[in-house]
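See structure below.
Where a number appears in this text, it was derived from the coordinates with a stated rule and is not lab data. What you see is a predicted model; the values in this text were computed from it and never measured. Methodologically, a virtual Cβ is constructed for each residue, glycine included, from the backbone with ideal geometry; neighbour enumeration extends over all protein chains shown.
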Amino acid sequence: MAVPESRHITIAPSLLAADFGRLKEEVAAIEAAGADWLHLDIMDGHFVPNISFGPTVLAALRKHTKLPFDVHLMIAPVDPYLDAFIDAGADHISLHPEAGPHLHRSLQHIRKAGKKAGVVLNPATSPDAVAWALDLIDIILVMSVNPGFGGQSFLPSQLPKIAQLRRLIDAADHPIALAVDGGITTTTAPGVIAAGADTLIAGTAVFHAPDYAQAIAALRAGP
Ligand code: DX5
Ligand code: ZN
């Protein structure tokens, strides 16, 4: 599929790969380097086999950056914690359909709070999971690794799913970001963009690079 000339590629570095002893400086550095969003991976050691950080860290960082907070919740049950992340300064909240009994109701709750609502599709989760809630969705996030850890290898099996979701989004009556998360590098990004993604989440490829601005520009360059 040809990439329209006009498509801006949004880059959202994942804080998970940052130096946790210097979070304020790390966030300032990626903002100065041209990041569009800050991706925040919230893990509970139950829905995914790893624990990261919670709303207190968001609240502490909120006053140090103007970057939109793109919150990826990997916690179950997710509904009891939505307000804590909204109050801590989340701008976008994305959740997995498997993390609660009523995806539609969770999305309504996020939208009612004036935040952008996202749905995250695990590698084995079908695009059908979003088909009947599109009117409430601002972001579809395709996991190109199993969620839980940074630094994993990209799963090429997700490329046709990205292309299928691009067609679904193009037929929708409002803008929906198509994001891809996991194993994004300068090697995998071109294929992901060619398949139709407009937003790249990248932890290792940005925070482990010697020059953040160069790393962000290289990911955005595309095919
Ligand atoms: C994985 C997270 C990702 C992760 C990406 O569960 O959702 O956001 O931090 O890390 P990399 O870019 O290193 O694969
Ligand atoms: Zn993530």
Single unsatisfied condition, LEU219 versus (1) in a helix (DSSP H, G or I); (2) surrounded by fewer than 17 Cβ atoms within 10 Å (Cβ to Cβ): (2)
Is it the case that some residue within the range 118-127 is aliphatic (A, V, I, L, M), within 16 Å of ligand 2 (Cβ to nearest atom) and more than 23 Å from PRO49 (Cα to Cα)? no
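Taking the range 47-86 only, how many residues are in contact with a Pro (Cβ under 7 Å, 6 or more places away or on another chain) and surrounded by fewer than 16 Cβ atoms within 10 Å (Cβ to Cβ)?
Our first condition is that a residue be in contact with a Pro (Cβ under 7 Å, 6 or more places away or on another chain); within the range 47-86, this holds for 48, 74, 84-85.
Add one more test, that the residue is surrounded by fewer than 16 Cβ atoms within 10 Å (Cβ to Cβ), and what stays is 84.
Of the residues in that region, 1 qualify.
With respect to SER144, determine if the residue is in contact with a His (Cβ under 6 Å, 6 or more places away or on another chain) and hydroxyl-bearing (Ser, Thr, Tyr).
Against the criterion (in contact with a His (Cβ under 6 Å, 6 or more places away or on another chain) and hydroxyl-bearing (Ser, Thr, Tyr)), SER144 does not qualify.
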Is it true that some residue in the range 114-135 is assigned to a loop (DSSP other than H, G, I, E, B), away from ligand 1 (no atom under 16 Å from the Cβ), of a type in the set (Lys, Arg) and touching a strand residue (DSSP E or B) at 6+ places or on another chain (Cβ under 7 Å)? yes
Could you tell me which numbered condition LEU159 fails, if it satisfies all but one of (1) within 14 Å of ligand 1 (Cβ to nearest atom); (2) of a type outside the set (D, E, K, R); (3) farther than 22 Å from TRP132 by Cβ? (1)
Residue ID - surrounded by the fewest Cβ atoms within 10 Å (Cβ to Cβ), chosen from residues in the range 172-197 that are away from ligand 2 (no atom under 16 Å from the Cβ) and not in a helix (DSSP H, G or I): ASP173
Give me the pairs, please: first residue somewhere in the range 180-199 and of a type in the set (S, T, N, Q), second residue anywhere and within 15 Å of ligand 2 (Cβ to nearest atom) and assigned to a loop (DSSP other than H, G, I, E, B), beta-carbon distance under 6 Å, and either six or more positions apart or on two chains. THR188/PHE154
Of those in the range 198-219 that are within 20 Å of VAL145 (Cα to Cα) and not aliphatic (A, V, I, L, M), the residue nearest to ligand 2 (Cβ to nearest atom) is GLY203
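State the number of residues belonging to the range 62-92 that are more than 16 Å from ligand 1 (Cβ to nearest atom) and assigned to a helix (DSSP H, G or I). Spell out the reasoning first.
Filtering the range 62-92 for residues more than 16 Å from ligand 1 (Cβ to nearest atom) gives 62-66, 77, 79-84, 86-89, 91.
The next check asks that each one be assigned to a helix (DSSP H, G or I); those that pass are 62, 79-84, 86-88.
Going through the range 62-92 one residue at a time, the tally reaches 10.
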